[in-house]
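Derivation of every value follows stated rules applied to the coordinates shown; laboratory data play no part. Note that this is a predicted model, so its numbers are computed, not measured. When we count neighbours, we look across all protein chains shown, and the Cβ atoms used for this are built from the backbone with ideal geometry, even at glycine.
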Number of protein chains: 2
Amino acid sequence: MTKRVKLKDIAEALGISITTVSRALNNKSDINQATRRKILEMASEMDYKPNNLAISLRKNKSAQVIGVVLPIINHYFFSTVLKGIMTRAHLHNYMVLVGESLHVLQKEKQILEEFVDYGVSGILIAPCLGSNFEQNLLPIIHRRIPTVVMDRMYENYNGNFVLTNDYKGAFDAVEHLIKNGYTKIAHLSSLDAHSVGAERRKGYLDALKKNEITPNPDYLKQLDLKEEVKSIRAAYFATESLFKLDNPPDAIFTVTDEIALGVYQYAQENNINIPNDLGIVGFSNAMISKYISPQLTTVEQNGILMGETAYDFFHQALHSNGHLFQKTFDSNLIVRESSIPK
Amino acid sequence: MTKRVKLKDIAEALGISITTVSRALNNKSDINQATRRKILEMASEMDYKPNNLAISLRKNKSAQVIGVVLPIINHYFFSTVLKGIMTRAHLHNYMVLVGESLHVLQKEKQILEEFVDYGVSGILIAPCLGSNFEQNLLPIIHRRIPTVVMDRMYENYNGNFVLTNDYKGAFDAVEHLIKNGYTKIAHLSSLDAHSVGAERRKGYLDALKKNEITPNPDYLKQLDLKEEVKSIRAAYFATESLFKLDNPPDAIFTVTDEIALGVYQYAQENNINIPNDLGIVGFSNAMISKYISPQLTTVEQNGILMGETAYDFFHQALHSNGHLFQKTFDSNLIVRESSIPK
DNA sequence: AATATTTCCGAAAACGTTTTCGGAAATATT
DNA sequence: AATATTTCCGAAAACGTTTTCGGAAATATT
């Protein structure tokens, strides 16, 4: 391995001081143009690459790195958010560290601490289910590390965030089903710890009430969403139990598109025709939703935009003093085949 | 912001030297047990966190960071590989930087350079389509940075890699179709630049030949896979053109599961029954393949395992001197509904 | 009791940069 | 021609650690 060249090597090669070399490479004033040119030439000839560690240490600021914490990495929505973050970060020459909490509180905390110890300039986090604000995030905010919360909300949180209007999205979805003639609308929801799920559940209930439909408690099923495959399986069985009711539903609003897959599976196996026997609306416009049959009506959640905005908020927060950046995106319904009028 | 505590603060608080504090925290010898205890107590009381930048600089080794370069981040297989990498990296206290090349050669090069400049300890890369080994990867290998190539292969590359046996996977898939009575087997393949696609195409052709079926050139379609949505659309039209042939195929082997989605879509819209009119086998066992209807027969590609192995290879390469680590995983066929016997 | 060994600690240098301060040389101003 | 100003450069300190070297104090060995 050829030793990495440093300022000293360039300085010695040209018989000048390290200070001057540094000045030339950093486009500082106080330097003769001819000297600068010589230095730049020599630097490129020797293939000089600055040592970012030393620079960061000296400047007392971390490198251009942000940390992104996601519950699950191989998940369509989250990886799309990550994509959005990365495109913007790349533009600003920031690098992106990624951590996967797997919806485990302790792991989330550990990742955050590692990121902070490492010296990231900012944290972008989609909190895990049941994430504890005081325990996991507050210490970081106290350190004045710009932080943006994505996708889901903490109670009483007042910092930067980027959210989807889950309530309204769900409300619109259910009202769409009602307008299309469905009346017995079930909902496959999440457990309570899930703020996103809670919001969507509220939207569901309020849409029913506004349209003078009394919510049927039998129609509301709460599933554990921590693991995708298991949750789809759970959705399958939840659908089964719905159809064992004396008065089964004629439509289901699912808290995510993935959950809708479980419903599709049960319907397929039991000759329940979608949408004639059962209307379905999902949430998030996952890649699959357009390719399953019949195509799934869903509430769009723009992951790219959310990621891009999250990065931009971080970047603005870094350069503004304590100002808050908050955005709730409206989500719009994408009407497809799974919910056509009865 | 409370100033970050450093060794000096602990030293002053206890009236001892920085050297001793450092020794205590690093579990070095040459220190009195009582002193060590006092120091550890004080350190935890003052909430001391070591400055990794300084440590790395002093030790003259980069931080515990690896760089992962993927063509597309919100893609099921690649994000699953990333997951595998991350679980192993986390175990060894390595952090993971991620970059997305978007199948753009220049961008891939830029990401690699950024990673190297940044001082990563290793590079794990799934090369983009048409990636140039000499141009993009060789400079890094010359710097003796442990590198593992994942999923696809460079010509004449002789370094660490983790691959799937694409040839055999494809061969098995096509032979499975033949055994199940399909004889007019088409293949939706990739463009030539795609080594994975090329291997699978060879497997397809050889399986036909071995079973004394003359490959029909009309049955081989090559698609651009750079963008998922576009490629699915292209698959749709390729299927259309296949069915406009005088003698349309009775089965299609698709280079990926995603490409199969385009076939499903065309079949659905044109009342072509899968598998009765058209058998289908995909490749990679994407999440969707189990949830579309009928369930897709596919060749499993274990992304988690590939990612884990890639990390392990990096780790071993870091500690061994120039030894090569290479593995080609056998891929096994998962038989589902889309290819049942005629 | 003298000497040898061990235990424990600190001063200082070093990793590769940036930045402050000061000053010599060149140039501009009287 | 004397002085003021500007241009350009270098020495040294600093960022927060680790490590080398040396040595004082305590303990063990004769």
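Here are the numbers for this structure:
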| read-out | value |
| --- | --- |
| Spherically averaged projected area of segment A:219-262 from its Cα convex hull (nm²) | 2.8 nm² |
| Per-residue average of Cβ from other chains inside 10 Å of B:44-56 | 4 |
| Rh by Kirkwood over Cα pairs, then Stokes-Einstein D for segment A:196-279 at 1.002 mPa s and 20 °C, µm²/s | 161 µm²/s |
| Label distances, nm, A:GLU240 versus same residue in remaining copies, Cβ-directed 7 Å point | 4.1 |
| Given A:LYS107/B:LYS226; A:LYS109/A:LYS226; A:LYS61/B:LYS38; A:LYS327/B:LYS107; A:LYS49/B:LYS61, the pairs whose alpha carbons are separated by over 24 Å | A:LYS107/B:LYS226; A:LYS61/B:LYS38; A:LYS327/B:LYS107 |
| Over the protein assembly as shown: helical MRE at 222 nm, DSSP H runs n ≥ 4 each giving -39500 (n - 2.57), nearest 500 | -13500 deg cm²/dmol |
| Spin-label pair B:THR87/B:LEU305, simplified geometry with 7 Å Cα→Cβ offset, distance in nm | 1.3 nm |
| Using a 7 Å Cα-to-Cβ projection, B:VAL229 label spacings across copies, nm, ascending | 3.0 |
| Relative contact order for chain A, counting Cα pairs under 8 Å that sit 6 or more residues apart, in percent | 17 percent |
| Residue-averaged beta-carbon neighbours from other chains (10 angstrom radius) around B:102-109 | 1 |
| Descending semi-axes in whole angstrom, ellipsoid equivalent of segment A:89-244, from the Cα gyration tensor | 36, 17, 13 |
| Using a 7 Å Cα-to-Cβ projection, A:HIS323 label spacings across copies, nm, ascending | 5.6 |
| 20 °C / 1.002 mPa s Stokes-Einstein diffusion coefficient of chain A, Kirkwood radius on C-alpha pairs, µm²/s | 95 µm²/s |
| Pairwise centroid distance, computed over Cα atoms, of segment A:1-76 with segment A:126-186, Å | 42 Å |
| Within 10 Å of each Cβ in B:92-99, the average number of Cβ atoms from other chains | 5 |
| Cα shape, segment A:68-144, gyration tensor, a/c 1.5 rule | oblate |
| Among B:GLN33, B:ILE16, B:MET46 - extreme Cα towards positive end, dipole of segment B:7-50, charges at beta-carbon | B:GLN33 |
| Taking segment B:7-50 and dividing mean pair separation by its residue count, relative contact order in percent (alpha carbons under 8 Å, at least six apart) | 33 percent |
| Dimensionless Rg ratio for segment B:7-50, taking C-alpha atoms and the 2.2 N^0.38 Å reference | 0.97 |
| Neighbourhood net charge (11 Å Cβ-Cβ; Lys/Arg +1, Asp/Glu -1) for B:LEU261 | -1 |
| Calculated FRET efficiency for the pair B:ASN60/A:THR183, C-beta based, R₀ 60 Å, to 0.05 | 0.25 |
| Per-pair calculated FRET efficiency, R0 = 60 Å: A:ASN332 and A:ALA13 via Cβ, rounded to 0.05 | 0.45 |
| Gyration tensor verdict on the protein assembly as shown (Cα atoms; rounded if a/c is under 1.5, prolate if a/b is larger than b/c, oblate otherwise) | oblate |
| Cβ-Cβ FRET estimate between B:ALA193 and B:GLN316, R0 fixed at 45 Å, reported to 0.05 | 0.90 |
| Percent of alpha-carbon pairs separated by more than 13 Å within segment A:269-313 | 64 percent |
| Residue order, fewest to most surrounding Cβ atoms within 10 angstrom, among A:SER29, A:SER241 | A:SER29, A:SER241 |
| D (Stokes-Einstein, µm²/s), Kirkwood Cα radius, segment A:134-214, 1.567 mPa s at 4 °C | 90 µm²/s |
| Value of Rg/Rh across segment B:1-101 [Cα atoms, Kirkwood radius] | 1.16 |
| Packing-based exposure ordering (other Cβ within 10 Å, fewest first) of B:THR214, A:THR328, A:THR309 | B:THR214, A:THR328, A:THR309 |
| Ranking of B:GLU228, A:GLU155, A:GLU258 by count of other Cβ atoms within 10 Å, fewest first | A:GLU155, B:GLU228, A:GLU258 |
